1. Report whether or not Asn49 is assigned to a loop (DSSP other than H, G, I, E, B) and either touching a His at 6+ places or on another chain (Cβ under 7 Å) or surrounded by 10 or more Cβ atoms within 10 Å (Cβ to Cβ) (or both).
2. Note down all Cβ pairs under 8 Å where the first residue falls in the range 117-129 and is surrounded by fewer than 17 Cβ atoms within 10 Å (Cβ to Cβ), the second is at pLDDT below 90 and in a helix (DSSP H, G or I), and they're at least six residues apart or on different chains.
3. Looking only at residues that are among the β-branched types (Val, Ile, Thr) and within 13 Å of the chain's Cα centre (by Cα) in the range 79-115, which one is nearest to Arg30 (Cα to Cα)?
4. Look at Asp78 and say whether it is modelled with pLDDT under 95, assigned to a loop (DSSP other than H, G, I, E, B) and charged (D, E, K, R).
5. Quick one: Gly61 ticks every box in (1) free of Cβ contacts under 8 Å to residues at least 40 places away in the same chain; (2) in contact with a Phe, Trp or Tyr (Cβ under 6 Å, 6 or more places away or on another chain); (3) small (Gly, Ala, Ser) bar one, so which box is it?
6. Those residues that are among the basic types (Lys, Arg) and loosely packed, with under 13 Cβ neighbours inside 10 Å, I need them from the range 60-76; list them, please.
7. Restricting the search to the range 1-39, which residues are aliphatic (A, V, I, L, M) and within 13 Å of Met87 (Cβ to Cβ)?
Amino acid sequence: MAADQARFPLVSDEEITEINETAASKNTARATKTCMTTWAEWCKVRNINVNMETYCPRALGGLLNKFYVEIRKKDGTDYEPDSLKVMQAALDRYLRHKNYLVSIITGREFTKSQETLDAKVKQLRRQRHPLPLRIRVNFEKKRNTFAAREKIF
């Protein structure tokens with residue numbers, strides 16, 4: 001009996017909560033807080049209820065469609081493509097913490113907003129680098145080889 005208690009001790013809900021809270025990194029917590037601040041500011045400008053967990057998946061998906069396309073940094077420039085994906089993960093983390101029933105990343109109800117985010121990310125990547133990386137690398141190699149040949153002659 002004592003061996004069972006040593007192997008399977010009873011743990012309180014408070015201990016479980018403490019373990020979960022200490023497991024989250026400070027950067028993750030900061031990213032989530034920053035994203036939620038951005039969400040709140042966007043909602044305020046649009047006169048929308050900031051409590052995203054109160055929306056049904058269909059309504060929230062529609063809002064996320066607009067959010068992903070409309071958000072910008074404070075200086076008005078676009079976020080980096082990876083930053084948008086981080087924001088999506090932060091929103092999903094927040095909703096999971098609020099016991100939202102559906103993931104905005106994997107839920108079928110959010111397919112359209114996921115497609116919109118993916119399209120925005122592709123658009124931003126094309127703006128920054130119009131050619132795929134392998135083509136850019138090959139182009140640079142050929143240009144360097146050509147420049148080296150010119151120096152010889």
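The values are calculated or read from the model by the stated rules, or taken from the named source; none is laboratory data. Keep in mind that what you see is a predicted model, and the values were worked out from it rather than measured. Because the Cβ atoms are built from the backbone with ideal geometry, glycine has one as well, and the counts that use them run over all protein chains shown.
1. Working: assigned to a loop (DSSP other than H, G, I, E, B): yes; either touching a His at 6+ places or on another chain (Cβ under 7 Å) or surrounded by 10 or more Cβ atoms within 10 Å (Cβ to Cβ) (or both): yes.
In short, yes.
2. From residues that are surrounded by fewer than 17 Cβ atoms within 10 Å (Cβ to Cβ), the pairs are His129/Arg136.
3. Here is the first cut: in the range 79-115, the ones among the β-branched types (Val, Ile, Thr) are 86, 102, 104-106, 111.
Within this subset, residues satisfying the condition of being within 13 Å of the chain's Cα centre (by Cα) are 86, 104-106.
Working: Val86: 11, Ile104: 20, Ile105: 20, Thr106: 23 Å.
Within the range 79-115, the match that is nearest to Arg30 (Cα to Cα) is Val86.
4. Details: modelled with pLDDT under 95: yes; assigned to a loop (DSSP other than H, G, I, E, B): yes; charged (D, E, K, R): yes.
Yes: the conditions hold for Asp78.
5. Exception for Gly61: condition (1).
6. Initial filter on the range 60-76 (among the basic types (Lys, Arg)): 66, 72-74.
Selection gives Arg72, Lys73, Lys74.
7. The first filter runs over the range 1-39 and keeps only residues aliphatic (A, V, I, L, M), leaving 1-3, 6, 10-11, 16, 19, 23-24, 29, 31, 36.
Within the range 1-39, Ala31, Met36 meet the criteria.
Rundown of residues vs (1) aromatic (Phe, Trp, Tyr); (2) in contact with a Cys (Cβ under 8 Å, 6 or more places away or on another chain); (3) surrounded by 14 or more Cβ atoms within 10 Å (Cβ to Cβ); (4) outside any helix (DSSP H, G or I), yes/no style:
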position: Ala6; (1), (2), (3), (4): no, no, no, no
position: Thr28; (1), (2), (3), (4): no, no, yes, no
position: Lys33; (1), (2), (3), (4): no, no, no, no
position: Trp39; (1), (2), (3), (4): yes, no, yes, no
position: Trp42; (1), (2), (3), (4): yes, no, yes, no
position: Val45; (1), (2), (3), (4): no, no, no, no
position: Arg58; (1), (2), (3), (4): no, no, no, no
